[in-house]
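These notes are about the structure you will find just below.
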Amino acid sequence: MQIAELEQRTGVNRHTLRYYEKAGLLQEVERRGNNYRDYPEKAVERVAMVRQLKVLGFSLREIREVLDALRSDSIDCEQGAVLMAEKKAAVDDKIRELKQVSALLGREQKRLEDSAAALREEGRCKG
């Protein structure tokens with residue numbers, strides 16, 4: 001399939017697809033005689049996997065390592081489990097940080113709302 005079809009089927013733009021190819025994430029790409037890229041059906045699955053791993057917080061280097069292990073059929077389940085545990089811990093840390101930021105923003109919002117209400121009562125604030 002050509003890049004336009006892969007772009008349509010994956011929702012990933014062609015510039016990103018070319019970057020993934022250059023970064024070694026899409027290695028199954030062949031060139032036709034006219035120098036057009038020819039993506040195999042498996043590329044749709046690979047791009048979906050890249051997107052999922054990115055959402056999980058994997059770096060492109062880590063994604064390439066996972067894909068290389070899958071290609072060579074040498075993926076170590078124990079090592080994969082450790083990697084997933086590390087990513088989960090990082091996500092849990094991020095969630096904790098975001099909850100703290102959310103609480104801070106909530107306190108500031110309340111403080112500003114109270115201040116605005118007090119100023120309105122004094123006639124110094126319109127709104």
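The values are calculated or read from the model by the stated rules, or taken from the named source; none is laboratory data. No experiment lies behind these values; they were computed from the predicted model shown. In this analysis, Cβ positions are derived from the backbone assuming ideal geometry, glycine residues included, and neighbour counts consider all displayed protein chains. Each accessible area value is taken on the protein alone, full model and side chains, heavy atoms only, with ligands, DNA and RNA left out. Shrake-Rupley method; radii C 1.70, N 1.55, O 1.52, S 1.80 Å.
With respect to Arg31, is the statement that it is under 22 Å from Leu70 (Cβ atoms), of a type outside the set (S, T, N, Q), more than 22 Å from the chain's Cα centre (by Cα) and modelled with pLDDT under 90 true?
In short, no.
If you go through the stretch 43-78 one residue at a time, how many are assigned to a loop (DSSP other than H, G, I, E, B), open to solvent by 70 Å² or more (accessible area, probe 1.4 Å) and more than 25 Å from Gln8 (Cβ to Cβ)?
So the count comes out to 5.
Filter the stretch 16-42 for residues that are open to solvent by less than 80 Å² (accessible area, probe 1.4 Å) and either in contact (Cβ under 8 Å) with a residue 40 or more places away in the chain or not in a helix (DSSP H, G or I) (or both) and give the result.
Ala23, Gly24, Leu25, Leu26, Glu28, Val29, Arg37, Asp38, Tyr39, Pro40
Is it true that Leu53 is in contact with a helix residue (DSSP H, G or I) (Cβ under 6 Å, 6 or more places away or on another chain) and free of Cβ contacts under 8 Å to residues at least 24 places away in the same chain?
Yes; evaluated as a whole, the condition is true for this residue.
So, of the residues in the stretch 83-122 that are open to solvent by 80 Å² or more (accessible area, probe 1.4 Å) and within 15 Å of Phe58 (Cα to Cα), which turns out to be modelled with the highest pLDDT?
This residue is Lys94.
Does Leu56 count as under 24 Å from Tyr20 (Cβ atoms) and touching a Lys or Arg at 6+ places or on another chain (Cβ under 9 Å)?
Yes; evaluated as a whole, the condition is true for this residue.
Hey, among the residues in the stretch 1-15 that are within 17 Å of Leu60 (Cβ to Cβ) and surrounded by 15 or more Cβ atoms within 10 Å (Cβ to Cβ), which one's nearest to the chain's Cα centre (by Cα)?
Per the stated criteria, the residue is Val12.
Please tell me if Val66 is farther than 24 Å from Leu17 by Cα, within 23 Å of the chain's Cα centre (by Cα) and among the β-branched types (Val, Ile, Thr).
no
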